[in-house]
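One structure below.
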Amino acid sequence: MLKAGVLGAGHLGKIHLNLINHSQKYNLVGFYDPIKENAAKIEAEFGYKSFDSIQELIDAVDVVDIVTPTLSHFDCAKQAIEKGKHVFIEKPITKTVEEAETIIELSKKHNVKGQVGHVERFNPAFTAVKDLITDPMFIETHRLAEFNSRGTDVPVVLDLMIHDIDIILSVVKSKVKKINASGVAIISDTPDIANARIEFENGCVANLTASRISLKNMRKTRFFQRDAYIAVDFFEKATEVVRMKDAPKVQGDFDLVLQNAEGVKKQIYFENPIIGRNNAILDELETFADAINNNTTPIVTLEHGTEALRVAHMIINDF
């Protein structure tokens, strides 16, 4: 079991603490939170050991789980890596691309592994269909959330849309060619609503919408490719897969067949992938432990996190 410590004990930090504490792959050593009252409360309520400084925690563990505000990710990761500790960093990896690239360089220099917390990669609805998404040519995403003061220190692109950016980059095997975007600040100092159109060199187009002042929560992505339409509801953990194949010569009474102007017939059929039940945050943490113990590549690498951040900043810069 890897000795792990958590930096940051806010809403998400407490979730990480609980999951690591119950994981069979980690031994939770403790946590550090700069707000002493909050640290004392959590230590008293849950029994987790509270450290007096970041360095004391880093020195006591093998893995540092960074669940602090985005602005502090770079400093926390740098301190941990320079002490030879593996790092799990919540998304976005850092505030700037330059900081993220420095983290990559440091991880290579000190021979440590890093993973970024793009948790939607572990959403069971996405994992159930990701192998079916082979050559998407149009992608549409909607990520809408009711207002919450957490995360408003950064634009909605870095707070919410970056989840969908990472998912898209994981399935589109092509470089970004062009971006058009718009964003509006409603209640924060940075955009709370944003839309982006990403064009890739292979012709794929992705249209992304994100809002953190919506009246309802929605996290849906639709993938369109030549042989299939695949919809993923990340919020409800549901999928819809509609595929097309050449129509059989002898058609059944209930076959759904379309015929174009040239007389070509195609049969439409539906698939229902099995969606497992899992805790996506626990999965991302435990697969990182596996990558460390087996010396394999993490599922969401520091490079992946950096590319998602790079595209996010391209969107922000186009506002």
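The values are calculated or read from the model by the stated rules, or taken from the named source; none is laboratory data. Everything numeric here is computed off the predicted structure, so don't read it as measured data. When we count neighbours, we look across all protein chains shown, and the Cβ atoms used for this are built from the backbone with ideal geometry, even at glycine. The area values use the complete protein model at the heavy-atom level, side chains included, leaving out ligands, DNA and RNA. Shrake-Rupley method; radii C 1.70, N 1.55, O 1.52, S 1.80 Å.
Evaluated at q = 0.13, 0.21 Å⁻¹, the base-10 log of the normalised Debye intensity for the stretch 178-319, with identical point scatterers placed on the Cα atoms, takes the values -0.93, -1.32. The length gained on full extension between ARG310 and ILE15, counted as 0.36 nm times the residue separation minus their Cα-Cα distance, comes to 103.4 nm.
Between the Cα long axis of helix 11-22 and the first principal axis of the chain there is an angle of about 80°, rounded to the nearest 10. For the stretch 221-292, the normalised intensity computed at q = 0.14, 0.15, 0.22 Å⁻¹ comes to -0.64, -0.69, -1.02 (log10 of I(q)/I(0), Debye sum over alpha carbons, equal scatterers, no solvent).
With every protein chain in place and a 1.4 angstrom probe, the accessible-area ranking of THR127, THR297, largest first, reads THR297, THR127. Once divided by 2.2 N^0.38 Å, the Cα radius of gyration of the stretch 92-137 becomes 1.59. From the P(r) of the stretch 116-215, can you give the percent of Cα pairs sitting at distances over 23 Å? The proportion of pairs with Cα distances above 23 Å equals 29 percent.
Calculated mean residue ellipticity at 222 nm for the chain: -9500 deg cm²/dmol, from DSSP H runs with n ≥ 4 weighted as -39500 (n - 2.57), summed, divided by the residue count and rounded to 500.
Here the contact order of the stretch 189-276, divided by its residue count and restricted to Cα pairs under 8 Å and six or more residues apart, works out to 18 percent. Considering only GLY114, GLY305, GLY252, the mean-square fluctuation computed in a Gaussian network model of the chain, springs between alpha carbons under 10 angstrom, is largest for GLY252.
Among the trypsin sites (Lys or Arg not before Pro) found in the stretch 130-178, those both in a DSSP coil and sparsely packed, with 15 or fewer other Cβ atoms within 10 Å of their Cβ, are ARG150, LYS173, LYS175. Built from the Cα atoms of the stretch 40-181, the convex hull projects on average onto 11.4 nm², one quarter of its surface area. For the stretch 10-78, trypsin sites (Lys or Arg not before Pro) meeting the loop criterion (DSSP other than H, G, I, E, B) and having at most 16 other Cβ atoms within 10 Å: LYS49. For the chain, the residue among HIS313, ILE168, ALA80 whose Cα projects farthest onto the positive side of the dipole built from Cβ charges is ILE168.
Computed about its Cα centre, the charge dipole of the stretch 12-158 is approximately 260 debye, with only Lys, Arg, Asp and Glu carrying charge at their Cβ. To the nearest whole percent, what portion of all C-alpha pairs in the chain is separated by more than 37 angstrom? Result: 22 percent of Cα pairs exceed 37 Å. Taking the longest Cα principal axis of the chain as reference, the axis of helix 280-294 is set at about 70 degrees. Summary of the geometry: the stretch 68-82 and the stretch 119-134, compared by the centres of their Cα atoms, lie 29 Å apart. Look at the alpha carbon pairs under 8 Å that are at least 6 residues apart: their mean separation over the length of the stretch 52-168 gives a relative contact order of 21 percent. Charged side chains reduced to their Cβ positions (Lys and Arg at +1, Asp and Glu at -1) give the stretch 149-256 a dipole of some 220 debye around its Cα centre.
Distance between the 7 Å Cα→Cβ label points at THR297 and ARG150: 3.2 nm. Which entries in the list LYS14/LYS178; LYS130/LYS245; LYS95/LYS177 go over 30 Å, if you measure between the two C-alpha atoms of each? Flagged as over cut-off: LYS14/LYS178. Annotation for the stretch 246-291: chymotrypsin sites (Phe, Trp or Tyr not before Pro) lying in DSSP loop with at most 14 further Cβ atoms inside 10 Å of their Cβ are PHE254.
Across the stretch 1-68, the volume of the C-alpha convex hull divided among the residues equals 68 Å³ per residue. Overall, the chain carries a charge dipole of about 520 debye about its Cα centre when +1 sits on the Cβ of Lys and Arg and -1 on the Cβ of Asp and Glu, all other atoms neutral. Checking the cross-link pairs LYS25/LYS237; LYS91/LYS216; LYS41/LYS237; LYS78/LYS216 against a 28 Å limit on the alpha carbon distance flags LYS41/LYS237; LYS78/LYS216 as lying beyond it.
Dimensions of the stretch 157-252 along the principal axes, based on C-alpha atoms and rounded to the nearest Å, stand at 62, 32, 18, largest first. Axis of helix 302-317 versus longest Cα principal axis of the chain: the two differ by about 70°, to the nearest ten degrees. Our note on the geometry: Cα centres of the stretch 1-51 and the stretch 191-248, 36 Å apart.
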